Amino acid sequence: MSNMRRMKLTGSYEAPIGTTMYVVNTGDWRYQRPVTIAGKCRKCGLCSLYCPTGSRYEEANAFATDLRYCKGCGICANECGAAAIAMVEEIRT
Amino acid sequence: MSGTTTDDEARVVRPGRIAVIDGNMAAAWGAKLSRPTVLAAYPITPQTPLVEYLSTFVADGELDADMVEVESEHSALSVLQGASLAGARTFTGTSSQGLALMYEPYIRTSTLRLPIVMAIVTREVISPQSVWGGQQDAITVRDAGWIQIYVEDNQEILDSIIMAYKIAEHPDILLPVNICYDGHYLSHVADRVEIPAQEDVDRFLSPYSPSHIKLDPRTPMSVDPLTPGDILMEYRYKHVRAQARAKRVIEEVDEEFGRIFGRPYGGLLERYRLDDASLALITLGSTSGTAKVAVDAARNRGVDIGLIKLRALRPFPREELFEALHGKAAIGIVDRNVCFGWMTGVVYAEVCAALRLLPDQPPLIDFVAGLGGADITFKHYERAISLLQQAASGRTVAEVTWLGIDFEPGEEP
Ligand code: SF4
Ligand code: SF4
């Protein structure tokens, strides 16, 4: 293959075979984050059922967000019947 | 007739049985001798008799394979994907609109690196409604990652299908292969074909035993997971690399087949009376036979012309064409297809790209011909050769001539 430079190849498979889970870091997509207003949360758990990334979890007094995979879609805030979640702009410096 | 006649002294095996069979039967024999274990196909003109012949072989117990009757071409190739993933050697064939319906699994067959062999019994694409010859169907899918070999006669169909498995399953290649033969001109016309003995084919072609991709509960593999861009680029690169490597393997397999069975075909391309020629024609498929007769006639008149019969369209023999055509005074390409948007044929456009660095650029002329079952006649070739001579002598000749509908003022068909 005279027209090709040497490639740095990382996998040994010739055909598309999965060796590990390719984890997509959905946390990188977020431009806004859910913030739980502690006094309003009734701990009904609805937000954790609707969250597409499984990022809502239970804490002692309210539900909270695992920001590693929260993609900021706002579904939790939309579904919360107690209006206990505010979506706040994500600012990274 | 292929220019590569059987050389009884050179070959290793005994001559095969002589039969007079059409191209579809030759393809069915090529498949049968390669011992596929799963077949699936949906009938479409002009491939239909191929399916009937294969079904007959299976029903009569002459071929130990499962023939899956499917409801569409999409299903035919999808069935073979599953079978190939389970380790089976597989075969199918299609034409024209059937190939179009098959496109989604077609592209996935090559990107999954499944060494399936499929005949494309080439036919014009519609519309206008047509069931006749043309190569637009196979040519249109040339960039879907398969190897594509085009053949000239019925013997070459049979032999090329056997060779196709050896190329497809080669550990450096692992790509599906199309053997493309002209609908009606070959598929429905009987010709003398030598059918090799099964034990000789068995010596040439060992059983398929995949390890690169397979569904096997004893060694589980996750096949085709969602793959992010950086890893996908790596797989694309490997696929392109396999196409590049296939050039060498096609030549090696052809050389080995020629040594054993006495019928070499030239690998990527056949050179016919080319080396001492100053003019060259390039053809693809069954029209090469007429072209050779026209080249012989022109030689008898003192015109020093030769021919390249292109066998491999994918991988495209760029370097080999460059080397073979270096120093020619004029080159004519016969295209049984069109390249929409280039206003030429596809082979012309690709040859232009391959030859772009030739010193003293020789004139390149395209001849679009034989679409939808229109014949490409001896007279057409005489006209093409005359235009090539004019171009070589410095006269300005149109870039494209549509043989059969395109005449100079005062010229008659
Ligand atoms: S849905 Fe609202 S109220 Fe219910 S647990 Fe989640 S944040 Fe709290
Ligand atoms: S914003 Fe979307 S991803 Fe993040 S916790 Fe709410 S529902 Fe889940």
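Details
- Per-residue Cβ neighbour rank within 10 angstrom, fewest leading, B:Trp146, B:Trp132: B:Trp132, B:Trp146
- Residues of segment B:67-102 with amide N under 17 Å of the 7 Å Cα→Cβ point at B:Asp216: B:82-90
- Relative contact order (%) - chain B, alpha-carbon pairs under 8 angstrom, separation at least six: 17 percent
- Counting neighbouring Cβ atoms within 10 Å and putting the fewest first, the residues B:His212, B:His239 line up as B:His212, B:His239.
- Legend: distances between Cα atoms for A:Lys8/B:Lys238; B:Lys328/B:Lys379; A:Lys8/A:Lys71; B:Lys214/B:Lys238; B:Lys247/B:Lys309; A:Lys40/A:Lys71; pairs beyond 20 Å are B:Lys328/B:Lys379; A:Lys8/A:Lys71; A:Lys40/A:Lys71.
- The alpha carbon convex hull volume per residue for segment B:165-300 rounds to 194 Å³.
- Three-way shape label, chain A, alpha-carbon gyration tensor, a/c 1.5: prolate
- Cα gyration tensor shape of segment B:269-402, rounded if a/c is under 1.5, else prolate or oblate by comparing a/b with b/c: rounded
- For B:Asp366, the amide hydrogen comes within under 5 Å of the amide hydrogens of B:Ile333, B:Val400, B:Thr401, counting only partners 5 or more places away or on other chains and with H modelled in the peptide plane.
- With a Förster radius of 60 Å applied to the C-beta separation of B:Arg248 and A:Tyr31, the computed FRET efficiency comes to 0.70.
- Mean separation of Cα contacts under 8 Å, 6 or more apart, over the residue count of segment A:29-89: relative contact order %: 49 percent
- Summarising the amide proton neighbourhood of B:Asp304: residues at separation of 5 or more, or on other chains, whose placed amide H is nearer than 5 Å comprise B:Ser278.
- GNM top mover of B:Val293, B:Val131, B:Val249 - chain B, alpha-carbon springs below 10 Å: B:Val293
- From its DSSP helices (H runs of at least four residues, each -39,500 (n - 2.57)), chain B gives a residue-normalised ellipticity at 222 nm of -12000 deg cm²/dmol.
- Residue-averaged [θ]222 nm for chain A, counting only DSSP H segments that reach four residues, each worth -39500 (n - 2.57): -2000 deg cm²/dmol
- Rounded, prolate or oblate (a/c below 1.5 giving rounded, otherwise prolate when a/b exceeds b/c) for segment B:98-250 by Cα gyration tensor: oblate
- Computed from phi, the 3J(HN,Hα) profile of segment B:373-384 under the Karplus parametrisation 6.51, -1.76, 1.60 (θ = phi - 60°) reads x, 4, 6, 9, 9, 4, 4, 4, 5, 4, 5, 4 Hz, with x in place of Gly and Pro.
- More than 18 angstrom apart: percent of Cα pairs within segment B:27-72: 18 percent
- Reciprocal mean inverse distance between Cα atoms of chain B - Kirkwood radius, Å: 21.7 Å
- Sorted by Cβ neighbour density within 10 Å, fewest at the top, the residues B:Met221, B:Met343: B:Met343, B:Met221
- By the compact-protein rule of thumb, 2.2 N^0.38 Å, the alpha-carbon radius of gyration of the protein assembly as shown corresponds to a ratio of 1.21.
- Annotation: amide H-H contacts under 5 Å for B:Ala86 (H modelled 1.01 Å from N, sequence separation of 5 or more, or interchain): B:Leu215.
The numbers here are math on the coordinates, done by the rules we state, and not lab data. Predicted model only: the values in this text are computed from it and were never measured. Because the Cβ atoms are built from the backbone with ideal geometry, glycine has one as well, and the counts that use them run over all protein chains shown.
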